[in-house]
Amino acid sequence: MRRRRTNVTVELRKNKRDDIVLKRRNVPLLSGTDSEEESQLQNTSYAQIVQNASSDQPNLQLGAVQTARKLLSSDRNPPIDSLIESGILPVLVACLQRHDNPSLQFEAAWALTNIASGTSEQTQSVVKAGAVPHFKNLLSSPHQNVCEQAVWALGNIIGDGPACRDYCIKEGVVHPLLSFINPNIPLSFLRNVTWVLVNMCRNKDPPPPLVVIQDILRGLCTLIMHKDTSILVDTVWALSYLTDGGNSQIQMVIDSEVVPNLVNLLSHPEVKVQTAALRAVGNIVTGTDEQTQVVLDCDVLSRFPALLAHKKEKINKEAVWFLSNITAGNQKQVQLVIDAGLIPDIVRLLDRGDFQTQKEAAWAVSNLTISGKKEQVVVLIENKVIPPLCNLLTVKDPQIVQVCLDGIGNILRMAGENYHVIADMIESAGGVDKIESLQQSENDEIYKLAFEIIEQYFSDDVGGLDPQPTDEDKGYHFDGNASVPPEGFQFN
Amino acid sequence: MLINDIRLQFYDKIIHKRVLLLVSHDVDALCACKILQALFHCDHIQYTIVAVAGKQDLERAFLEHSEQLEFVVMINCGGNIDLIELLQPEENVVFYICDSHRPIHLNNVFNDSQVKMLVNSGDEFNLPAYEDVIRNEESDEDDSGNESDEPSGKRRRFDEATLERKMEKRRKRREWEQNKERIMYDYDEFSFYGTAASLVMYDLAWKLSKDTNDLLWWAITGLTSQLIAKRIDREKYVSDVTELNRHVSRHNHRGNEDECPLSVNSMKISFVPELQLTLYKHWSLFESLRHSAYTACTLKLWTLKGQKKLNEFLADMGLPLAQSKQKFSAMDVEFKDNVKDWLETSAKKFGLDNISVPSFQVQFGFKHKYCALDVAFAVDALLESVNTSKSAEERFMEALDCLSRTYIDKLEDGLDLCKQQMMGVVNQVQSLLDMKKVVSAGPFLYAFVPDGTPGSKFFSRPNCLMTLGRFTLEAYVKLYNRRKARNLPLVVTAPLDFENGTSLVVGIPPLPELEQASRNFFGKAFEQAAEKTGSRTLHDNFEPSVVIMRTEDRSKFFDALISLLQ
Amino acid sequence: MYGDKALELILELKRAAEGSLPPYNEDGIRQVLEETSVLYDQNQADVLRESSMTGAESLLSAVQFRHTCLERNQRCLLAYLHNRLEIIKEMRWEFGSVLPPDIKNNMSEQESQWFNKYSKSLASYMRSLGEEGLDLTQDRKPPKNLFIQVRCLRDFGEFETEDGSMVVLKKNSQHFLLRSQCEPLIRQGILEHILS
């Protein structure tokens, strides 16, 4: 019922225009011209650099390492593989240990950082060269630039994957890292630390050790109070990765009491923060009903009118995805969605949203028809959900067709004796023809559903039943006079 | 791509091929279509004609006929929209577009392979430089990291110099973007019209040495229709007329009038200064004076004073009232022959300096003599007829037919329809002015045609509504003569479809603009207002200042428009 | 009057509408033949009587008269039959080898047989022309132009032309196509020929 995120499918629109235009002209590249320095650099061979970097003459050595660093930090293709082949790695790792020469340590750390920023193979060659323990040591260096560079390097290594991450954890980097989270640290440094924490949380196959997650959570809870946008964005992404790892991890995040902050950030002025926060809370509500309730208790739904009307379609889509997981919950939770006045927005997005958003809305509506009680489903009807639901029956995505058919079937079933009020709405919306043609569908589930619906609700004569609700049916009331919006112009 | 040599780069390419011809619903397009058809008949180029009233029609027609199609020729449509984006054609399809709508969409201008614009080389396009609006994407590889939402897995540290370079690049890019926006804004701000499509086609015919009197007459009609709809100003009209006159002299040897007697099949065009009185030869002079915007508004015929002035004017001319109310063809011979000269002389005294306009008239055989203005009016009336039994395509076909000599009698129907239209227009203007229904909304004037009045059905057609708009604006400005009002534009709405609850909205630029440059900024304004308010609008017409809108969204749309234009 | 019946046959044929074949007037022919037979018998009788009497010149004019009527009847019959065959021949050129049923019903059996033989002759002659034969019954009048302008009166759908390209015949679209390809469609009422 509750659905984890699926990766965004490919956009359908072909946008040939740019291709066609750009192929024709021969506009000279606007990229930067060579500077004098770089042409000099290219003249020195790599072997020479490696050799000089092992020299015992301090100036020569520093100069060589610096040269290597500069080669690796220019914006064109850095010669990572060439340098590795020339044997630079052991040399650089050795330089890391030269506590007598912090500048050397700094340049070496920088060079290694950039090597580790490449492919997985390149990163792992840095690890194989034994760099990690030394980086860990550098975390205690008295020189801040060296510390920061070590943090950065470890970030790249940890970001390679669970194996590297766990290795670094074993080498004991977590506590020193977390200790950097204090009020005295400069902003750029803290941003780097936060980013490393994101990489720590990123992978879930396997997830980091529980203890580490706890420690990191403590750090994230502090960071989430920070005002800097970059830090907030990264912190919240880290939380969203953690909440993506199953219900027990979700519980840990909840226990860290960070959820109210996350909910607040849904209304942050920066879109990037909102996006991350929405993802995080969205992940949380894929958990159990109780976990979902925690988020709801923070009055999260009051933020949603703005999110559903946001001009960025991605936010609309994720917001509806969130709500679809609430409507899959218990009836109390469904009621909260209704009370927050969100049904009209959901129906609107079902009718006129981006296709990806419409898909999520279909789920939201369908889930409601399964979890909700009659009065709650009536709210859907009153908000004119039938026509857009019928419109989606003709899309090519079979899953969505099934979801919509399911929803329609559930609504009809719930109407009991008064089903023909709904049946009339479906007919006015042109849905009967669509359902009939779906009986020809290749998909088993779809044709079975379609067949059942037609057989049960559209094959008998509709004239006989009395549309007025009887006295026994207190509690719900299908308004037979509800005006059906006419089909007509499709406006942009 | 803008084509220089229409013969080499267009006609030679489609010889012996089959062509899809998409033609818009306006008189100029029809005339251009007839000229092109004649050329195609000569050279046995097979074609299919489909009439398109708007962008949706265009899309649909293209999709239906696109099987195994290589060449599409579009007349008065497609120039000002992003064609490739809209139609998503196969790579081997080539579009030849002869569209007088301006500005030409930049994607059409800079597309070298599939879109070719057939234009008159003398036109001004004010095109921005290529580099200013299209960016070569290759140099932006490093910036791509900024696009995704999630934080990146690995990051490289760049040195100072590189960081600076990147900042500089980013700054330059932002500057370029801002510059581009400014250029695009200036380019797109006003919509206007270039040389008539029929003139471009006639030019092609002349270059192929296949031009005849028939083709020339169609070119004349097309040009005249542009003048009537005030799509071009007087200056351009006069210069185009001079150009055409050369061809007229060539084809109709003026010196030999006595030697070439008229025969049933002959066709003779002559250059004649013509009065801008709507259909006066097929009506009575009195009615014509009342129903022509120029005379009606200048003489202020809405007021009692104005009507007295009209009588004075006729008296000054030396024309008895009874004669002026007679059908023109039934007037006494001595009046009929001289009325033009008398009118021109008197006109100056009453402020009607521009009453005369250089034009042409044609004589087919013994019976049919028409002036270009009349024909243009008649064809337009047929196109926009509100006879509900005829579909849009049928009206199109009828209008197309009446341009050929074989079906010339249909022109009479057109003339009748035009009279009805003009009477409807005048009545509506009268009612709007009498009931003070033209209100100022601040930056523009506003009027709406109420639903249910007998004449309101005419205004469900865009050209007719625009005629009403121009007439109303001119009448209002000249009547009230307030300095502020003189520079205000006008927005008019009329009910379109009662069942669907939609209205037609057109924007008329202020009078000075209309007279001098015919530039219209309402296209962009309507687009922005609709976007801001989420109003349900359909910008389907090729003329950007015409939109269809849900009646219930009207008020919030206009509020947005007011704040936009202030 | 003698010869009236025969004249009636001729008149019947003349009155018939252009290009249509009235039913084979079996009755009329039989009556004419009967009349002819009667005349002949009377003449026979008179001639016999004549030869037995001598000097009886009074019967000669009667015989002459009857003979003239006889010959007239014969001429009328022949004309009737001959003209009918001409009409049938024309129909072969107009309609092809299969005639519409109402015309078939109006032919006598011999006429049908004649028609079949004629048809076969024509077909084998046409086949012998050129390499693959030539259908002479098409395009009997030289066309003024190769291409004609047509307007589509009804939705027809896609139509493949000789050179393989597709034309979509939708109501109210106008096309310029090869005359030969449009003709069948014009006859079916799908396209309408437009003069320019």
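The values are calculated or read from the model by the stated rules, or taken from the named source; none is laboratory data. Worth saying up front: this structure is predicted, and the values here are computed from it rather than measured. Positions of Cβ are generated from backbone atoms using ideal geometry, with glycine treated the same way; all protein chains shown enter the neighbour counts. Protein only, heavy atoms only, side chains kept; ligands, DNA and RNA dropped before computing areas. Shrake-Rupley method; radii C 1.70, N 1.55, O 1.52, S 1.80 Å.
Need one value for C:172-181: mean number of C-beta atoms belonging to other chains within 10 Å of its residues' C-beta atoms. Walk me through the numbers before you get to the answer.
On the way: counts 10, 11, 13, 7, 12, 4, 2, 0, 0, 0.
The mean count of partner-chain Cβ atoms within 10 Å per residue comes to 6.
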*Could you tell me which of rounded, prolate or oblate describes region C:42-144, using a ≥ b ≥ c as the square roots of the eigenvalues of the alpha-carbon gyration tensor, with rounded for a/c under 1.5 and, failing that, prolate when a/b is larger than b/c and oblate otherwise?*
prolate
*aspartates and glutamates near B:Lys349 by alpha-carbon distance under 16 Å, same-chain residues fewer than 8 away left out - which ones?*
B:Glu312, B:Asp316, B:Asp341
*Go through C:Ser112, C:Ala123, C:Leu99 and say which Cα lies farthest out towards the positive end of the charge dipole of region C:4-127; charges sit on Cβ, +1 for Lys and Arg, -1 for Asp and Glu.*
C:Ala123
*Hits among lysines - C-alpha to C-alpha of B:Lys556 under 24 Å, sequence gap 8 or more where chains match*: A:Lys311, A:Lys312, A:Lys384, B:Lys436, B:Lys437, B:Lys524, B:Lys532
*Say the cut-off is 23 Å between C-alpha atoms; which of B:Lys17/C:Lys170; B:Lys336/B:Lys410; B:Lys367/C:Lys144 go over it?*
B:Lys336/B:Lys410; B:Lys367/C:Lys144
*Total accessible area buried between chains A and B, 1.4 Å probe, in Å² to the nearest 100?*
4500 Å²
*Kindly tabulate the residues in region B:32-53 with an accessible-area decrease of at least 50 Å² between the chain alone and the assembly of all protein chains, using a probe of 1.4 Å.*
B:His41, B:His44, B:Gln46, B:Tyr47
*Calculate the all-directions average of the projected area of region B:329-419's alpha-carbon convex hull, and give it in nm².*
7.7 nm²
_Interchain or long-range residues, amide H under 5 Å from B:Ser284's placed H_ = B:Phe328
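Rounded to whole Å and sorted largest first, what semi-axes of the equivalent ellipsoid does the C-alpha gyration tensor of chain C yield via the square root of 5 times each eigenvalue?
Values: eigenvalues 630, 62, 36 Å².
Semi-axis lengths for chain C are 56, 18, 13 Å.
Contact order normalised by length for chain B, with contacts defined as Cα pairs under 8 Å and 6 or more residues apart; what percent is it? Could the numbers behind the result be given before it?
Working: 889 pairs, mean separation 74.5, N = 566.
Relative contact order of chain B: 13 percent.
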*B versus C: buried accessible surface, summed, Å² (probe 1.4 Å, to nearest 100)*: 2100 Å²
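Among B:185-198, B:217-230, C:91-104, A:209-222, how do they line up by average Cβ neighbours within 10 Å per residue, starting with the highest?
On the way: B:185-198: 21.1, B:217-230: 26.4, C:91-104: 13.0, A:209-222: 17.1.
The densest-packed peptide leads the list: B:217-230, B:185-198, A:209-222, C:91-104.
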_Using each residue's phi in region B:336-346, evaluate 6.51 cos²θ - 1.76 cosθ + 1.60 at θ = phi - 60° and report the 3J(HN,Hα) Karplus result to the nearest Hz, with x for Gly and Pro._
4, 5, 9, 4, 4, 4, 4, 4, 4, 5, 5
_Using only alpha-carbon positions, what ratio does the radius of gyration of the protein assembly as shown give when scaled by 2.2 N^0.38 Å?_
1.33
*Average beta-carbon neighbours from other chains, 10 Å sphere, peptide C:161-167*: 4
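Too long at a 24 Å Cα-Cα cut-off: which of B:Lys327/B:Lys369; B:Lys348/B:Lys478; B:Lys236/B:Lys300; C:Lys117/C:Lys141; A:Lys227/A:Lys359? Let's see the in-between values first.
Details: B:Lys327/B:Lys369 16 Å; B:Lys348/B:Lys478 17 Å; B:Lys236/B:Lys300 28 Å; C:Lys117/C:Lys141 26 Å; A:Lys227/A:Lys359 35 Å.
The pairs that break the limit, which is 24 Å between Cα atoms, are B:Lys236/B:Lys300; C:Lys117/C:Lys141; A:Lys227/A:Lys359.
Using the Cα centre of region C:4-127 as the reference point, and only Cβ charges (+1 on K/R, -1 on D/E), how large is the resulting charge dipole? Debye, rounded to the nearest 20.
Details: 15 positive and 19 negative charges, 123 e Å.
Using only the charged Cβ atoms, the result is roughly 600 debye.
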*Highest-first arrangement of B:295-305, A:280-290, where packing means the average Cβ count within 10 Å*: A:280-290, B:295-305
*Surface share of carbon and sulfur [accessible, 1.4 angstrom probe, percent] for region B:366-406*: 51 percent
_With eigenvalues of the C-alpha gyration tensor scaled by 5 and rooted, region A:299-340, Å_ = 19, 11, 6
*Extent along principal axes [Cα atoms of region C:147-193; Å; largest to smallest]*: 24, 17, 16
*Applying the Karplus parametrisation 6.51 cos²θ - 1.76 cosθ + 1.60 with θ = phi - 60° to the phi angles of region A:78-89, what ³J(HN,Hα) value in whole Hz is obtained for each residue in order, glycine and proline being reported as x?*
x, x, 4, 4, 4, 5, 4, 4, 6, x, 7, 4
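Using per-residue counts of other Cβ atoms within 10 Å, averaged over each peptide, order B:332-338, A:413-419, A:60-66 from highest down. Before the final figure, lay out each step's value.
Details: B:332-338: 11.9, A:413-419: 17.0, A:60-66: 20.1.
Descending packing order for the listed peptides: A:60-66, A:413-419, B:332-338.
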*Sequence neighbours fewer than 8 away in the same chain don't count; with that in mind, list the aspartates and glutamates whose C-alpha is under 12 Å from B:Lys13.*
B:Asp5, B:Glu70
_Where region B:100-246 is the region considered: accessible area per residue in Å², 1.4 Å probe_ = 47 Å²
*With θ set to phi - 60°, apply the Karplus curve 6.51 cos²θ - 1.76 cosθ + 1.60 along region A:209-226 and write out the HN-Hα couplings as whole Hz, x wherever there is a Gly or Pro.*
x, 4, 4, 5, 4, 4, 4, 4, 4, 4, x, 5, 5, 6, 5, 5, 8, 6
*Under 5 Å, built H, 5+ apart or other chain: amide partners of B:Phe360*: B:Val272, B:Ala372, B:Leu373
*Calculated log₁₀ intensity ratio I(q)/I(0) where the Debye formula runs over C-alpha points of chain B, q = 0.10, 0.12, 0.13 Å⁻¹*: -0.90, -1.25, -1.44
*region B:370-488: radius of gyration and largest Cα-Cα distance (Dmax), Å*: 16.5, 52
*Normalising by the residue count of region A:66-163, find the relative contact order in percent from Cα pairs under 8 Å and 6+ residues apart.*
27 percent
*Shielding score for A:113-121, defined as the mean number of other chain Cβ atoms within 10 Å*: 3
*Taking amide hydrogens as modeled 1.01 Å from N in the peptide plane, which residues meet the under 5 Å criterion relative to B:Lys437, leaving out close sequence neighbours?*
none
